[in-house]
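First up is the structure itself, then whatever we jot down about it.
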Amino acid sequence: MGSRSWLTAVLAAGLAVGVLTGCSPDETRVTVVAGTTLVDGGLLQRVSDDYEARRPDVRLSVVGAPSARALALAEAGSADVTITHDPSLEEIFISEGRAELAAEVFSSRFILAGPRRESGELRGLSAVEAFGRIAGQGHLFVSRADGSGTHQVEREIWDRAGVDPTGMQWYVETRQGMGLTLQVASQREAFVLVELSVFLIAEETTGLVDAALAPAGLENPYRAIAVRGSPVADESLAFVEWLGSESGREAVGRANLELYGGQIFEP
Amino acid sequence: MEFLWEVLADAVEVLSRAGPELWMVVALTLAVSAASTGIGVLLGVPLGAALALGRFRGRGVLRLAVSVGMGFPPVLAGLLLLLAFWRSGPLGGLGLIFTPTAMVIAQVILATPVAAGVVSGSIRGLGMVPMEQLAALRLGRVARGLVAVREARAGVATAVAASFGRVVAEVGAVLVVGGNILGETRVLTTLIVEESRQARFGAAVAAGAVLLVIALGVNIAVGRLGGDGP
């Protein structure tokens, strides 16, 4: 074959694969934009596989985005369902009448991770006390600074500790997702506020430990919202209803067990 | 269409009020790309000349390495360096992970084979007659190489442009090994990735426009120096 016919063959093959793997017309596609943690950790993929097995006519396209961005995408009509963990933004979203249905579906928690020795000195302190001490010592702290639910919780703790860390020498802002932020904290032996499941998955490679703070104020509730005005409103509503139902809770429980061996995202 | 106009208007606005945050990214992009192109060309030109002119053991292997290197997947180079520089990895003690230096090292790995390949090709492209003349000069090996490189200087200019083009547009390697940390290791390409991932399309397009200007500017400048275009 000449080079031109090769090219044609490759293009034709590519086209065929594209068509075959594309959405079939009798499937309804629901775009679910969820916190990056849920997507990166794989929990949502398992739960959505479970749902798709029940509803072969529905296809869930799962996209990860920081909570603020997820809600903005919903507002712009690019998301049918959101699953986020930023209560104050969610309240605003709901109060503006943009939610068809909103339900708290599961909850995990945040931990402060840090280098072994320094973490030991913070054991049992409240988050506010621990952050105050880190600022006082000027110990390196890595922040996502990306408008995520995690970042929001971190900012609230700094506020309550009466510290504004922005621009401080010891405060590194990655403006990125949890995975990379955790890597940077690990490699610089810094403290980082991290959602428990992400920490557990990466625990061995990061070498950071859980500072074991008092749990108050570190809860991490996730809320699913079926976005009003979605072109696939019925399917979106059905999915959110299912997430909150007995069967949905069981699916979340199973996904937890398979991924973490315990209930990290408690349904 | 309205959507695209909005994005464009956003991009213009981002550029018009671009502050030190963007210029820092531009400066780092230029510094990392220039350093890695410079080192890559310094290593690649002699290597390319040796491959074109030399008769030595291991030449075949080296030639193959250059061919593979020219098409080496950048993100894989990034991954290998990430593993090497990881704190508990073999070179972790150097403390290079998530630093501009690590990004330059990754880019040199990508640029050197490109420079070597282009220079080697253009020396061989001089044809038989100049090669025979070169042989007749009875020069030492280094001097012969220098004369050949001088003859193929348009190829050297192309090598500079191609190397710079590869590194300035590259995203996978610098993202993985640099970490895309704000104010430390963020360059234009990784900025675009981040902005588009967060659906801040105006900012992404603005960064893209700056990147395009840099890439075109360097290409045109190098083309002038080399005496002719593609």
In units of 2.2 N^0.38 Å, the Cα radius of gyration of the stretch B:2-226 is 1.17
Measuring from its Cα centre, the stretch B:50-188 shows a charge dipole (+1 at each Lys and Arg Cβ, -1 at each Asp and Glu Cβ) which, in debye to the nearest 20, is 560 debye
Projected onto the charge dipole of the stretch B:86-172 (unit charges on the beta-carbon of Lys, Arg, Asp and Glu, signs +1, +1, -1, -1), the Cα from B:107, B:135, B:156 with the largest positive-side position is that of B:135
Two pseudo-spin positions, 7 Å from Cα along C-beta at residue A:26 and at residue B:6, lie apart in nanometres by 3.6 nm
With a Förster distance of 22 angstrom and the Cβ-Cβ distance between residue B:126 and residue B:42, calculated FRET efficiency to the nearest 0.05 equals 0.50
Here D for the stretch A:153-267, in µm²/s, from Stokes-Einstein with a Kirkwood Rh over Cα pairs at 37 °C and 0.692 mPa s, works out to 192 µm²/s
Ranked from fewest to most other Cβ atoms within 10 Å of their own Cβ, B:21, A:235, A:118, A:75 fall in the order B:21, A:75, A:118, A:235
Computed Rg/Rh for the stretch B:1-78 (Cα atoms; Rh = Kirkwood radius) stands at 1.26
Among A:63, B:28, B:198, the residue whose Cα sits farthest towards the positive end of the charge dipole of the protein assembly as shown (+1 at Cβ of Lys and Arg, -1 at Cβ of Asp and Glu, taken about the Cα centre) is B:28
Cα extents of the protein assembly as shown along the principal axes, largest first, in whole Å, come to 87, 60, 47
Treating only Lys and Arg (+1) and Asp and Glu (-1) as charged, each at its beta carbon, one finds that chain A has a dipole about its Cα centre, in Debye to the nearest 20, of 700 debye
For the protein assembly as shown, the dipole about the Cα centre with charges only on Cβ (Lys and Arg +1, Asp and Glu -1), to the nearest 20 debye, works out at 3480 debye
re chain A: pairs of Cα atoms spaced beyond 30 Å account for a percent value of 37 percent
Listing B:5, A:170 by rising number of other beta-carbon atoms within 10 angstrom, fewest first, gives B:5, A:170
Taking chain A and counting helices only, DSSP H stretches of n ≥ 4 at -39,500 (n - 2.57) each over all residues, the nearest-500 ellipticity at 222 nm comes to -15000 deg cm²/dmol
With 0.36 nm assigned to each residue of separation and the Cα-Cα distance removed, residue B:133 to residue B:64 gains 22.1 nm
The Cα extents of the stretch A:109-210 along the principal axes, largest first and rounded to whole Å, are 33, 29, 26
Helix A:3-21 sits off the longest principal axis of the Cα atoms of chain A, rounded to the nearest 10 on a 0 to 90 degree scale, by 80 degrees
Counting only backbone N atoms under 11 Å from a point 7 Å out along Cα-to-Cβ of residue A:57, the residues of the stretch A:81-110 in range are none
Taking the dipole of chain A about the Cα centre (Lys, Arg +1; Asp, Glu -1; charges at Cβ), the one of A:119, A:184, A:37 that reaches farthest to the positive side is A:184
What the 10 Å binned alpha carbon P(r) of the stretch A:37-154 shows, as percent of pairs per bin from 0, is 11, 34, 29, 18, 8, 1
Candidate span helices, chain B: DSSP H, at least 30 Å along axis from Cα coords, Kyte-Doolittle average at least 0.0, result B:20-53, B:100-124, B:201-226
With N residues in the stretch B:49-118, Rg(alpha-carbon) / (2.2 N^0.38 Å) equals 1.31
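Any read-out appearing in this document is the output of simple, stated calculations on the displayed coordinates, not a laboratory observation. Quick caveat: nothing in here was measured; it's all calculated off a predicted structure. A quick note on method: Cβ atoms are made from the backbone with ideal geometry, for glycine too, and the neighbour counts reach across all protein chains shown.
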